[in-house]
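Working notes, structure below.
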Amino acid sequence: MELEAFVAVAEELHFGRAAARLHRGQPTVSDAVRRLEHTLGGRLFHRTSRRVSLTELGEALLPDARAALAQLRRFQQRGRALAAGDRAGTALVVGHAEYTGHRLLLRCLPRLRERFPGVTIVPEPMPTTAQLTALRAETIGLGIGWATGGLTGVRARVLSTERFMALVPAAHPLAGHAELSASELSTTALLTWPHQINSGLCDRLLAAFRIGGADLRIIRTADSVHAIATHVAAGTGIGITVASALDHRPPGLRVIPLTGPSTTADQVVLTSAEPPDAAAALRDLLLDAAAESPPAPAQPV
């Protein structure tokens with residue numbers, strides 16, 4: 001419970017939302033986090049009456065916590081398979097980061113099941129940094145995430161190159177632009193993903209603003225495009241996402257591509273140096289599917 005509570009609060013940055021997600025009372029979640037902090041001998045969160053944020057210790061331990069939870073789920077899955085009489089108990093855990101396009105994965109999984117009918121496939125939402133840790137620990141077989149550093153012992157193949165997109169209220173002064181540069185968004189109140197969820201994307205976006213000599217001002221983060229779009233529609237600011245995450249056009253908003261250096265990011269498939277057969281097969285299916293149907297250039301609407 002302690003690890004689940006830590007990860008939920010780290011991703012929600014709100015004890016109430018974390019408790020609702022875990023279907024527990026808020027005092028139970030708070031107590032679990034305090035117990036873990038006592039065990040570790042350090043604080044995982046900065047808490048004020050208005051906000052919750054990760055400490056340096058929390059930032060450092062979050063990928064390990066996610067990997068540990070993934071390993072626990074894999075253990076439970078294998079245990080259930082063995083208890084049900086499946087002596088092989090083979091499972092392929094597939095980590096997938098937020099904002100990655102799931103359409104390729106949905107196309108490829110039925111074909112993988114046909115080729116490996118004895119393998120239980122376990123999709124697991126997981127940030128890219130946690131996927132790297134889990135791949136090295138062999139608790140997942142394959143990951144889909146975003147290009148980032150620290151790939152020692154892990155192999156990455158590019159699935160697609162995605163452009164950053166701005167979600168702009170239709171009545172906003174920038175809504176009439178066909179494209180937007182970092183300098184045009186300088187000092188604008190922006191909403192995007194949390195750094196701990198997608199550090200590679202955040203670093204790439206920061207580079208775009210730094211190269212353009214602009215100030216990046218992120219005032220709010222959200223772990224889904226739908227949440228970002230809701231805040232944009234409410235007038236909180238301008239949202240930033242990637243083209244593959246837009247499975248629909250949010251009503252009342254303009255979707256405008258960013259232009260300039262570092263305004264694209266590579267979506268990658270990640271495996272260990274010597275992946276299991278099912279993981280290698282899924283990697284090849286994903287690469288083939290991506291090559292067959294490259295994403296169409298996003299058009300502003």
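Since every read-out is calculated from the coordinates, none of them should be taken as a lab result. All values reported here derive from a predicted model rather than from experimental measurement. Counting neighbours? That spans all protein chains shown, and the Cβs are built from the backbone with ideal geometry, glycine included.
What the table below lists for this structure:
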item: All-pairs alpha carbon distance profile, the stretch 160-265, 5 Å steps from 0, percent; result: 2, 14, 26, 29, 21, 7, 1
item: Contour excess over end-to-end distance, with Cα ends at D288 and M1 and 0.36 nm allotted per residue; result: 99.3 nm
item: Total charge dipole magnitude, the chain, about the Cα centre, Cβ charges on Lys, Arg, Asp, Glu only, Debye to nearest 20; result: 520
item: Cβ-Cβ FRET estimate between A273 and I211, R0 fixed at 35 Å, reported to 0.05; result: 0.60
item: Kirkwood Rh in Å, taken over all unlike Cα pairs in the stretch 1-89; result: 14.1
item: Dimensionless Rg over Rh [the stretch 30-81; C-alpha; Kirkwood]; result: 1.11
item: DSSP H segments from the chain that extend 20 Å or more along their own axis, Cα-based, with Kyte-Doolittle mean of 0.0 or above; result: 277-292
item: Ordering of 115-126, 182-193 by packing [mean C-beta count within 10 Å, highest first]; result: 182-193, 115-126
item: Descending semi-axes in whole angstrom, ellipsoid equivalent of the stretch 129-200, from the Cα gyration tensor; result: 34, 13, 10
item: Dipole-positive endmost among V52, G16, G153 within the chain (Cβ charges, Cα centre); result: G16
item: Spherically averaged projected area in nm², based on the convex hull that wraps the Cα atoms of the chain; result: 17.0
